[in-house]
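Just so it is clear, none of the values below were taken in a lab; they were calculated from the coordinates. Fair warning: this is a prediction, and the values are worked out from it, not measured in the lab. Here the Cβ is made from the backbone with ideal geometry for all residues, glycine too, and neighbour counts use every protein chain on show.
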Amino acid sequence: MGNDAGMIRPVPFDPELRPHIVFAPPPLTAPRLAELRAEDATEVPSTQALTRGGRIDVQERPVDGHPGVSVLICAPTGTGGPRPAIYHTHAGGMFSGDHRIVLDPWLDEVEALGVSLVSVAYRLAPEHPYPAQIDDVTAGLRWIVEHAAELEIDPDRIIAAGTSAGGGLTAALALTLRDTGGPRLLGQLLLSPMLDDRNDSLSVRQMEGLDVWDSSWNGFGWSALLGEERGGPHVSPYAAPARATDVSGLPPAYLDAGSAESLRDEVVAYAGRIWQSGGQAELHVWDGGCHVFDWIVPDAGISRAARAARRAWLERILA
């Protein structure tokens, strides 16, 4: 990008990640979206695979009164409740993804920490624009609380978690529950979350055409969710949490991002605003990390460090 002082220079990628990064991802189109969803369908694991040889009990339950919304419940076999729970919202830019995909890191926590994992299926944009997604995620959480005794879950010890679009929806869930009378979350785990529909931060411009999730994909996701309202003056904070004028009174937050990812600056800014409001937030920016680097190269040093830091935070919150 040049060496002149006025030029924006990208952040270099971690050497272990760089060989695995697909630079300048092609712009998203309607046909490509169909292909992505077809690819997602091939990656959905069977229920038997999710049990990890019988060590985890797995069941899928519909959320009453909300067609198309269900929750996948994974609990350690042979342990009694009530257990803490991780309420997981999946990634996919608001327009793709599945609540059974990329669950291995969360199933690791089921086995290591003795928690239940609840992963929610929500409707996708653009067929179902805002507020479908946050309505579904909120309904799933409230259903879990209402059925907590039956599911052997402690309703006072639920941590909401998500990556990318799921991280943004998790932040929106925390705001929604705060503003509508609960139930209150024990914590919120926001991993490379999509928070700001304006898609115009310095990190977005800095990593244009380089990060695996660049401005074109990010813009497509927000447009799918919000249509012509994207970037305008009337976007709800329950759609784009960066729009919230008040972030006080939220449950403790863990936020992380890569230094070389487009969403870095909005994640850092959101953590800063939580601190400024007197709230609790732990922020990690992983040097050289691209978007979802721990999925792309799970054995890289920064991927292992990121997972260890997240588990340490979970252990402290659950203690």
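Beta carbons within 10 angstrom, averaged per residue: use that to sort the peptides 164-177, 105-118, 66-79, highest first. It would help to have the intermediate numbers written out before the result.
Working: 164-177: 26.4, 105-118: 19.5, 66-79: 17.5.
Answer by packing, highest mean first, reads 164-177, 105-118, 66-79.
Run the quick spin-label model on Ala38 and Arg18: label points 7 Å from Cα toward the beta carbon, then report their separation in nm to one decimal.
3.5
What distance in nm lies between label points placed 7 Å from Cα along the C-beta direction at Ser46 and Trp275?
4.9
Nearest-5 percent of antiparallel DSSP beta bridges in the range 18-318?
So the antiparallel bridges amount to about 30 percent of the total.
Given that compact globular proteins tend to follow 2.2 N^0.38 Å, what is the ratio of the alpha-carbon Rg of the range 86-223 to that value?
1.08
Which value at 222 nm does the chain reach when only helices count, each DSSP H run of 4 or more adding -39,500 (n - 2.57), with the total divided by all residues and rounded to the nearest 500 deg cm²/dmol?
That calculation yields -10500 deg cm²/dmol at 222 nm.
Express in nm, to one decimal, how much length is gained between Asp104 and Asp200 on full extension, taking 0.36 nm for each residue of separation and deducting their alpha carbon distance.
Details: separation 96, 0.36 × 96 = 34.56 nm, distance 3.27 nm.
In short, 31.3 nm is gained.
Using R₀ = 51 Å, calculate the FRET efficiency as 1/(1 + (r/R₀)^6) where r is the Cβ-Cβ separation of Glu152 and Ile8; round to 0.05.
0.50
What base-10 log of the normalised intensity I(q)/I(0) is obtained for the range 18-318 from the Debye formula, alpha carbons as equal point scatterers, at q = 0.16 Å⁻¹?
Here log10 of I(q) over I(0) equals -1.41.
Under a Cβ-only charge scheme (Lys and Arg +1, Asp and Glu -1), can you give me the dipole magnitude of the chain about the Cα centre, in debye to the nearest 20?
Numbers: 25 positive and 42 negative charges, 78 e Å.
Magnitude of the dipole: close to 380 debye.
Taking Rh as the Kirkwood radius computed over C-alpha pairs, what is the Stokes-Einstein D of the range 3-94 at 4 °C in a medium of viscosity 1.567 mPa s, expressed in µm² per second?
Rounded, D is 71 µm²/s.
Give me the percent relative contact order of the range 18-318, please, defined on Cα pairs under 8 angstrom at least 6 residues apart. Don't jump to the answer; show the numbers that get you there.
Details: 598 pairs, mean separation 51.1, N = 301.
RCO, the range 18-318: 17 percent.
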